[in-house]
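What follows is one structure encoded as structure tokens, with my remarks underneath.
The values are calculated or read from the model by the stated rules, or taken from the named source; none is laboratory data. Every value quoted in this text rests on a predicted model; they were computed, and no experiment measured them. Please note: Cβ atoms are built from the backbone with ideal geometry, for glycine as well, and neighbour counts cover all protein chains shown.
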């Protein structure tokens, strides 16, 4: 993410199987809502479309 977007990335440990991707304080992917993990290419696309 840093190389692709020049962004700072932070991993925040959670519990209970939570896996969410946030960009600029907004949720762009939720494992709970999607029922699966995001693919790496999908994460990049979601962040790009968020801008």
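Tabulated values for the structure
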{"item": "Segment 6-36, residues that are within 10 Å of the chain's Cα centre (by Cα) and surrounded by 10 or more Cβ atoms within 10 Å (Cβ to Cβ)", "result": "19, 20, 21, 22, 23, 27, 28, 29, 30, 31"}
{"item": "Any chance residue 41 is within 12 Å of the chain's Cα centre (by Cα), at pLDDT 85 or above and on the phi < 0 side of the Ramachandran plot", "result": "yes"}
{"item": "Residue within segment 44-51 that is assigned to a loop (DSSP other than H, G, I, E, B), on the phi < 0 side of the Ramachandran plot and surrounded by 10 or more Cβ atoms within 10 Å (Cβ to Cβ) present", "result": "no"}
